[in-house]
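A short write-up of the structure that comes next.
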Amino acid sequence: MFQVLGTWLRRLKGLLGTTEDADPVALVRCRSIHTFAMAYPIDIAFVDEEGRIVDAIRSLEPNRRASNPLAFITLERPAADAPWFEVGERLSFNGITC
């Protein structure tokens, strides 16, 4: 389950200021993220408007940037060995309002 962050300020903060046990977040209307001032690496997945994973990055280190012009939603979680999204997978979103 992802916490949906739909406002500009909430998207800007993302996982910043959290610990490695933070819940995953979904940044709506987000094509670009940064890990400046993060204390730990994160896993990210860029999702297009049709729910397709268009890029996935594991263990993006602090003080980095990542973007994808096709993204509509960006998913983030603290980096983990657990399974993560793969490019080409399709997701279904229910109840996202912004």
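Annotations
- Residues located in region 1-31, provided they are of a type outside the set (S, T, N, Q) and not in a loop (DSSP other than H, G, I, E, B): 4, 5, 8, 9, 10, 11, 12, 13, 25, 26, 27, 28
- Pair list, Cβ < 9 Å and 6+ apart or interchain, from region 87-98 residues that are at pLDDT below 60 and of a type outside the set (S, T, N, Q) to residues that are surrounded by 10 or more Cβ atoms within 10 Å (Cβ to Cβ) and outside any strand (DSSP E or B): 96/6; 98/6; 98/7; 98/29
- Filter result for residue 29 (surrounded by 13 or more Cβ atoms within 10 Å (Cβ to Cβ) and in contact (Cβ under 8 Å) with a residue 60 or more places away in the chain): yes
- If you go through region 60-82 and keep only what is exposed (fewer than 13 other Cβ atoms within 10 Å of the Cβ) and either under 22 Å from residue 38 (Cα atoms) or in contact (Cβ under 8 Å) with a residue 40 or more places away in the chain (or both), you end up with 61, 63, 65, 81, 82.
- Pair list, Cβ < 7 Å and 6+ apart or interchain, from region 1-26 residues that are surrounded by 15 or more Cβ atoms within 10 Å (Cβ to Cβ) to residues that are of a type outside the set (A, V, I, L, M, F, W, C) and in a loop (DSSP other than H, G, I, E, B): 2/24; 5/14; 25/14
- Residue in region 32-44 that is among the aromatic types (Phe, Trp, Tyr) and either loosely packed, with under 14 Cβ neighbours inside 10 Å or part of a loop (DSSP other than H, G, I, E, B) (or both) present: yes
- Every residue from region 65-86 that is in contact with a Phe, Trp or Tyr (Cβ under 7 Å, 6 or more places away or on another chain) and either hydroxyl-bearing (Ser, Thr, Tyr) or modelled with pLDDT under 95 (or both): 74
- Taken over region 45-59, the criterion of being surrounded by 14 or more Cβ atoms within 10 Å (Cβ to Cβ), under 16 Å from residue 2 (Cα atoms) and touching a Lys or Arg at 6+ places or on another chain (Cβ under 8 Å) is satisfied by 46, 53.
- Complete set of residues in region 11-64 that are acidic (Asp, Glu) and either over 16 Å from residue 77 (Cβ atoms) or out of contact with any Asp or Glu (no Cβ under 8 Å at 6 or more places or on another chain) (or both): 20, 21, 23, 48, 49, 50, 55, 61
The values are calculated or read from the model by the stated rules, or taken from the named source; none is laboratory data. Fair warning: this is a prediction, and the values are worked out from it, not measured in the lab. A quick note on method: Cβ atoms are made from the backbone with ideal geometry, for glycine too, and the neighbour counts reach across all protein chains shown.
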